[in-house]
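Data first, discussion second: the structure below is written as structure tokens.
The values are calculated or read from the model by the stated rules, or taken from the named source; none is laboratory data. The structure displayed is predicted, hence computed values, not measured ones. Cβ sites come from the backbone with ideal geometry, for glycine too, and all protein chains shown count toward neighbours. When the accessible area is computed, the model is the full protein with side chains, heavy atoms only, and any ligands, DNA or RNA have been set aside. Shrake-Rupley method; radii C 1.70, N 1.55, O 1.52, S 1.80 Å.
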Amino acid sequence: MKNFLKKRRKKIILVGGARPNFMKIAPVYFELLKYKNFKPIIVHTGQHYDSQMSAFFFRDLGLPKPDVYLGVGSASHAVQTACIMERFEPVLINEKPELLLVVGDVNSTVACALTAVKMGIKVGHIEAGLRSFDRSMPEEINRLLTDQISDFLFTTCLDANKNLLREGIAPEKIFFVGNTMIDSLLRHLALARKSEIKAQLGLIGVKFGILTLHRPSNVDDLNTLQRIMGAISRISSSIPIIFPVHPRTQKQLGQLNFLYYNEKHKKGIRIIEPLGYLDFLSLLERASIVLTDSGGIQEETTILGIPCLTLRDNTERPITIREGTNRLVGTDPKRIEEEALRIIKKGLKRKRLKRPKYWDGRAGERIVKVLLKNL
Ligand code: UD1
């Protein structure tokens, strides 16, 4: 009987490669574990490899060590994508999974989806259908291509359904399930509140803001980055700004002028290492303002009710503006400064905040229900 059950277990490979992937796969992994007929296998491509960008997230999310680690590391887009495909193919040959689940929009997402689909393996894309309509972003290309070749398109909002239908995706492939990143957030909030990070940074009882920057369009060009950091410096003379620095941005910082943090006056920009998931959530929940070019943080601040200024000209997540706390401010330093100072003085002008539909902690459950019925 045991052997019989073993044989019937359907293998599902979940791929994570970069920092924002891990909180999206965790809820689905844990939900799959509840069903004896599924065997989830975690493959980590190694696109992100520093502990702060990877291992700390597995630890904080309670995920086991990946079953397979491809160790691809950093390289140009072409080399990284090709290397992931080359190393992932033997995993698929060996495991013969029933389904591959990919998340988000990073190079690992498209590389693994393409490898699987060419071998006749079904692909599910979690967070399908988001569009910035800006094809100069590598992520937009990754989203478009992954969605075209996926068999299950799991969406976080109805905007995404519309985008997919417009691109000719068959309606029966599209499943509006909600947001697995928010599943992780809701599940870990209580634990995050126990983090010591605020005390370690001397922020207990202190009003502060958070900055994150890593988009190539914002950080690769020194002039653009200097203009942004100039605006943040001026903001930071009103409120200290905590800046956990992404490795891509770290490489540039030494060449910039900005207002460094002054411990005594609690003003300026406080540069710190990238934070683990729980420490970051703990800070995010207490921030007076968040300035970011990340996608996921626009969603997390929406759920936490924290004002978020997105330093980009577009977003693939317009629901966070319509229903949440997000505002697009672009990269014009004057606009960034004005909008931030207004929020710091008066708080966010509250429209009625809504929690977007199905951002309720149960998206992972809905995904697995779809798989139980259709796989
Ligand atoms: C990648 C994703 C982006 C996502 C971001 C989250 C793509 C095209 N980009 O961008 O969508 O929002 O992750 O962080 O997939 N590096 C390290 N240690 C690491 C990882 C990277 O030092 O663990 C350095 C390397 O020098 C590398 C640079 O950071 O060249 C950028 O890393 P890369 O994975 O190429 O892109 P991200 O900017 O992180």
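So the values come out like this:
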read-out: 3J(HN,Hα) from dihedral phi, segment 55-61, Karplus parametrisation 6.51/-1.76/1.60, rounded to Hz, x for glycine, proline; value: 4, 4, 6, 4, 4, 5, 8
read-out: Gain upon complete extension [Lys334, Lys346; 0.36 nm per residue less C-alpha separation]; value: 2.5 nm
read-out: Dimensionless Rg ratio for the chain, taking C-alpha atoms and the 2.2 N^0.38 Å reference; value: 0.99
read-out: Nitroxide proxy distance, nm - points 7 Å out along Cα→Cβ at Glu167 and Tyr35; value: 2.5
read-out: 1.4 Å probe accessible area per residue over the chain, in Å²; value: 44
read-out: Added length on full extension, which subtracts the Cα-Cα distance from 0.36 nm per residue, Lys373 to Arg355; value: 3.7 nm
read-out: Note, ³J(HN,Hα) from phi for segment 274-279, Karplus 6.51, -1.76, 1.60, rounded to Hz, x at Gly and Pro; value: x, 9, x, 5, 5, 4
read-out: Accessible-area composition of segment 191-233, carbon plus sulfur, in percent [1.4 Å probe]; value: 53
read-out: Linear extension gain, Ala190 paired with Lys264, 0.36 nm per residue minus alpha-carbon span; value: 23.5 nm
read-out: 13 Å beta-carbon shell around Pro216, net charge (K/R +1, D/E -1); value: -2
read-out: HN-Hα J in Hz across segment 230-239 - Karplus 6.51, -1.76, 1.60, θ = phi - 60°, x for Gly and Pro; value: x, 4, 5, 4, 5, 4, 6, 7, 9, 8
read-out: Computed E for Lys10/Arg59 - FRET, C-beta separation, R0 25 angstrom, nearest 0.05; value: 0.35
read-out: Members of Lys34/Lys162; Lys96/Lys162; Lys34/Lys118; Lys198/Lys267 lying beyond 26 Å, as alpha-carbon distances in this model show; value: Lys34/Lys162; Lys96/Lys162; Lys34/Lys118
read-out: Charge dipole magnitude, Cβ of K and R +1, D and E -1 - segment 119-208, Cα centre, debye nearest 20; value: 400
read-out: Efficiency of FRET between Asn257 and Ile204 - r from beta-carbon atoms, R0 30 angstrom, step 0.05; value: 0.50
read-out: Carbon/sulfur fraction of accessible area - segment 1-153, other protein chains in place, 1.4 Å, %; value: 55
read-out: Ile93-Ile321 FRET efficiency (beta carbon distance; Förster radius 35 Å; 0.05 resolution); value: 0.20
read-out: Over segment 190-303, relative contact order from alpha-carbon pairs under 8 Å, at least 6 apart, %; value: 36
read-out: For Leu99, distant residues with modelled amide H under 5 Å away; value: Ile13
read-out: Positive minus negative residues near Asp293 (Lys, Arg vs Asp, Glu; Cβ under 15 Å); value: -4
